[in-house]
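Note sheet for the following structure.
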Amino acid sequence: MQTNIVIGTYRFVGFYVSQYLLNQGEEVIGIDWADSEASQYIMEEKELEIGRNSNYIYFPINKLKLLDIKQQDTVFISCYDIQSGKMDKIDFVIGEIVSLIEKCKKNGKNETPNFVLFMPIEKDVSIFQSILNSIRGMDSAKIIFLPTIYGPWQSEGMSFEAGINQLGQSDIKAAIAAEYTGDALYITDLVNALEAVLTSSSDRDIQLCSSIDDHWYKCAKLIFDESMDSFTSQSTTTKINKGKIFEVQCNMEPEEGIALQRKHNKRLNLLKTWRKRD
């Protein structure tokens, strides 16, 4: 039976990919890492949602190279989460991922598993160059370039979550400057389209786009309202093309998606408050 290995299973995109696969009855090995007490708390919350599934097993990332991954398996690597999250182990995590890829390549070109990389569209992805170098020439690898992904569990380092948390203007401007503002997708629209994306084309590089025009801007307007101009005055909205375009049909309107993210944020902050009291 095929097994799915999700690296970043307790992050944002990685968590939803894991959840989606489990809901489809697939076997999932989740790989993640704890980089702070706050991160550990979030991992525990997410583990409550997927950890009891009999098709799920978790391994810390330092055990990644010990896995016996077969040719029919698929390895999902969420570089998007590594880039957008606040973490202090980036070099270590990337090193472990590269070690896994190189180990799989030793089995021969025809025996390597499928690799799916979720990459941010942002121009500078140089921190992942060692990963990109490792998968170069692999027919079984695909790179899916993502615009801004939003929804419950979005990283605190992203601008929508920063705005909902009412962080200072400097923090919000820094978050906006660091992310792609040319487009956005709601997280469940992404994962629900994943199977179609992976089977749609023989191209290795695929860039996802929203069926909603000005999707990022419409979401940002809901969050920042009158402050929008001051936050985005230094931000560019230049479209970037990183691969074959796949348009995701959006079932979630920006108004509903941001409302769900706000509701989840409020619940999570209440849980954090209760946890501190304990």
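Odds and ends about this structure:
- The chain: calculated mean residue ellipticity at 222 nm from DSSP helix runs of at least 4, using -39500 (n - 2.57): -13000 deg cm²/dmol
- Per residue accessible area of the chain, 1.4 Å probe, in Å²: 48
- Under 5 Å between amide hydrogens, built in the peptide plane, is the criterion, and for Glu27 it picks out Asn4 among residues at least 5 positions away or on other chains.
- Region 24-77: C-alpha gyration tensor shape, a/c 1.5 cut-off, then a/b vs b/c: oblate
- Semi-axes of the equivalent ellipsoid for region 53-148, Cα gyration tensor, largest first, Å: 21, 17, 13
- Legend: residues Glu253, Glu96, sorted from most to least accessible area (1.4 Å probe; ligands, DNA and RNA excluded), read Glu253, Glu96.
- Too-long pairs where the Cα-Cα distance tops 23 Å, listed order kept, from Lys46/Lys221; Lys142/Lys242; Lys173/Lys218; Lys46/Lys105: Lys46/Lys221; Lys46/Lys105
- Distance from region 36-73 to region 1-21 (C-alpha centre basis), Å: 8
- When Asp139, Asp81 are compared by accessible area of protein heavy atoms, the largest-first order is Asp139, Asp81, using a 1.4 Å probe.
- Once all protein chains are placed together, Leu271 keeps about 40 Å² accessible to a 1.4 angstrom probe.
- Oblate is the label for region 1-128, because a/c, from the alpha-carbon gyration tensor with a ≥ b ≥ c as root eigenvalues, is 1.5 or above and a/b does not exceed b/c.
- Folded to 0 to 90 degrees: helix 37-50 orientation relative to the chain principal axis, Cα: 70
- Projecting the alpha carbon convex hull of region 153-268 along each direction and taking the average yields 7.4 nm².
- Residues with amide H under 5 Å from that of Ile143, placed H, sequence gap 5 or more: Leu117, Asp205, Ile206
- Stokes-Einstein D for the chain, Kirkwood Rh over Cα pairs, 10 °C, 1.306 mPa s (µm²/s): 82
- Here the 3J(HN,Hα) profile of region 11-17, calculated from phi with Karplus coefficients 6.51, -1.76 and 1.60 at θ = phi - 60°, is 8, 10, 4, x, 5, 5, 5 Hz, Gly and Pro shown as x.
- Entries in Lys89/Lys244; Lys65/Lys89; Lys63/Lys244 that, when Cα-Cα distance is taken, lie over 28 Å: Lys89/Lys244; Lys63/Lys244
- Shown for the chain: the carbon plus sulfur share of the solvent-accessible area, taken with all protein chains present and a 1.4 angstrom probe, equals 47%.
The values are calculated or read from the model by the stated rules, or taken from the named source; none is laboratory data. Everything numeric in this text was worked out from a predicted model, so none of it was measured. Quick note on the areas: whole protein, heavy atoms, side chains included, nothing else; ligands and nucleic acids left out. Shrake-Rupley method; radii C 1.70, N 1.55, O 1.52, S 1.80 Å.
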